[in-house]
Amino acid sequence: MKSSLELDTLRMRLNDADLQGLDLHQRIQRALRALILDGALQPGVRLPATRTLAASLGMARDTVENAYLQLQRDGFLIRRKGSGSYVPDTLGAELRRTGPKQPRARLPKHGPSGSAGGLSRRGQAILDSGGISDQMVIKAFATGLPETRTFPTGVWERLQRQVLRDHRTQVLLHGDPQGAEPLRREIATYLNLERGAKVTPEQILVLSSTRQALFLCAQLLVDAGKPILMENPGYFGARKAFESAEARVVPIGVDSQGILTEQLWADRSGANCVYVTPSHQYPTGVTLSLARRLELINWAAQRGGWIIEDDYDSEFHYDGLPTACVQGLDRHHRTLYVGTFGKTLYPGLRMGYMALPPELVGAFTRARSILDGHTPQTRQLTLARFMGDGHYGTHIRAMRKLYATRQAVMLDALDACLGEVVTPLRPPGGMQIPCFLKAGWSEAQTIRQAAGVGVHLPGLSRLYLGEDKQPGWLLGYACLTEHEIETAILALARALKA
């Protein structure tokens, strides 16, 4: 280097935040490489001798020597005995082609937005959709978030140690894309006994989540540009999965008995697939009547179509026993049943499943093998023991009782503090309460006011397709203690009436 300015430039590079934490010789190597790529050190330029540079930087000669050796191995230096170290002339043409290094783009604080060059049409649609934001901390009133503070972690850890002891290194290998057989057997037994299903372990596909199941449905059952029917209002995660596959979502209305089956029969879009939440409609909480369940099954049989039954939280039914699932009534095998352990156990488990018609098992398993291969075997086998030893049933019963109490506390607090603002529905179960805003109240405004006091209000209108939207909130309560529910409702009431 011929001037102190060049040394100062190198010193500045050595202090770059990206290089902190690296060994000193790595920092020198990376800094010199960056200067070459940026054009500050041109092809043909001779670098200082290692002894000279080491003395200038106040470090050991071996440190600089190791940096030069790595640059030489990577093709950024040529070392000639008795002559010195040079930036290769051959880099000139390549650097002219690629041009100087561009400054790194800074992403917005809350993630990327706007147009991204080079994306496919599907990729741009996914970017534009905004994705899905999960609540990563316990906060009023997050939806779909179960009580995790009382989860029996001690039991889980003991069972996991048993799995590691019994299976040893076998669980460190790749697993079956369809899922571990012990877990598939436990899921099938549970569905047949508790949900009235008719399914064998061979029909079970273990997945990472409900969203993955819906993504697979969208990819395998609906061609790009073709329609798929969906409850309106309905689960936005399902809508995003379908839209990301470039399917055209066609809304079907809902009333006090669930999806309007007469609209299914009247549909002329050509759709052969419908997404429903019959046991506990999302978000209204109503249960699909038996007559309509049979109508739904007949529609799928006559159309040669498919029913995607999302049974996301039917375990938490507080008024008698939950209604049997549609899959168990469907003797035509047109129903794909979707379940999750993220709500019955804990979301960080990342475990869901499907009970598939026999003819679809092969296609869905192969598609899953392309996505992420398999769910970690240790978790699967631990969950299989958790279910087989009776802990799953015990946990469900405890949470059912707990959530029923919390729902009652939430409804009482809403009536006492916000009766002038919202009309809450009283669902027979679930983990959240839909609340319709009364005349004169703005959904957007109330959400902003709530945020000012640290309360998260999930809006209802975003769950509707079309222009006719019902403003309101969908308030989750499962993850909150009775005291937390009452405190948050009081804070919300004060914020809205201020």
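The values are calculated or read from the model by the stated rules, or taken from the named source; none is laboratory data. Everything numeric here is computed off the predicted structure, so don't read it as measured data. Cβ atoms come from the backbone with ideal geometry, glycine included; neighbour counts cover every protein chain shown.
The figures follow:
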| read-out | value |
| --- | --- |
| Selection from region 15-37 of residues that are modelled with pLDDT of 85 or more and crowded, with 17+ Cβ neighbours inside 10 Å | H25, R27, I28, Q29, R30, A31, L32, R33, A34, L35, I36 |
| Filter result (part of a helix (DSSP H, G or I), in contact with a Lys or Arg (Cβ under 7 Å, 6 or more places away or on another chain) and either among the β-branched types (V, I, T) or closer than 22 Å to Y403 by Cβ (or both)) within region 444-492 | E482, I485 |
| Restricting region 57-69 to residues that are in a helix (DSSP H, G or I) and among the aliphatic types (A, V, I, L, M), the residue that is surrounded by the fewest Cβ atoms within 10 Å (Cβ to Cβ) | L69 |
| All positions within region 70-83 that are part of a strand (DSSP E or B) and surrounded by fewer than 15 Cβ atoms within 10 Å (Cβ to Cβ) | R79, R80 |
| Criterion violated by V137 - all others in (1) farther than 19 Å from T481 by Cα; (2) at pLDDT below 95; (3) not in a helix (DSSP H, G or I) satisfied | (1) |
| Given (1) in contact with a Leu (Cβ under 7 Å, 6 or more places away or on another chain); (2) buried (at least 22 other Cβ atoms within 10 Å of the Cβ); (3) on the phi < 0 side of the Ramachandran plot, index of the condition E315 fails | (1) |
| Test: T394 is over 27 Å from P322 (Cα atoms), over 26 Å from the mean Cα position of the chain (by Cα) and among the hydroxyl-bearing types (S, T, Y) | no |
| Residue check, T405 under 21 Å from A142 (Cα atoms) and more than 23 Å from the chain's Cα centre (by Cα) | yes |
| Selected residue [of a type in the set (S, T, Y) and at pLDDT 95 or above] from T323, T365 | T365 |
| Whichever residue in region 280-293 is part of a helix (DSSP H, G or I) and out of contact with any helix residue (DSSP H, G or I) (no Cβ under 7 Å at 6 or more places or on another chain) and, among such residues, is surrounded by the fewest Cβ atoms within 10 Å (Cβ to Cβ) | A291 |
| Condition check for R385: over 27 Å from V206 (Cβ atoms) and either in a helix (DSSP H, G or I) or not assigned by TED's automatic domain parsing to the domain that holds T169 (or both) | no |
| Condition check for L221: within 20 Å of the chain's Cα centre (by Cα) and modelled with pLDDT of 95 or more | no |
| Of all residues making up region 168-192, the number that are farther than 21 Å from L371 by Cβ and either surrounded by 15 or more Cβ atoms within 10 Å (Cβ to Cβ) or modelled with pLDDT of 95 or more (or both) | 8 |
| For S120: the one exception among (1) small (G, A, S); (2) at positive phi; (3) not assigned by TED's automatic domain parsing to the domain that holds D330 | (2) |
| Test result for Y275, modelled with pLDDT under 95 and in contact with a strand residue (DSSP E or B) (Cβ under 7 Å, 6 or more places away or on another chain) | no |
| Region 462-476 residues that are under 15 Å from V421 (Cβ atoms), paired with ones that are assigned to a strand (DSSP E or B) and of a type in the set (V, I, T) (beta carbon under 6 Å, 6 or more apart) | L475/I433 |
| Among (1) at pLDDT below 90; (2) under 30 Å from R334 (Cβ atoms); (3) surrounded by fewer than 16 Cβ atoms within 10 Å (Cβ to Cβ) - the single one R121 does not satisfy | (2) |
| Residues that are in a loop (DSSP other than H, G, I, E, B) and more than 20 Å from Y235 (Cβ to Cβ), drawn from region 396-443 | G419, E420, V421, R426, K438, A439, G440, W441, S442 |
| Subset of region 38-56 (residues that are closer than 15 Å to L14 by Cβ, in contact with a Lys or Arg (Cβ under 6 Å, 6 or more places away or on another chain) and surrounded by 15 or more Cβ atoms within 10 Å (Cβ to Cβ)) | A54 |
| Filtered residues of region 319-370 (kept if polar (S, T, N, Q), touching a residue at least 60 places away in the same chain (Cβ under 8 Å) and outside any loop (DSSP other than H, G, I, E, B)) | Q327, T340, T365, S369 |
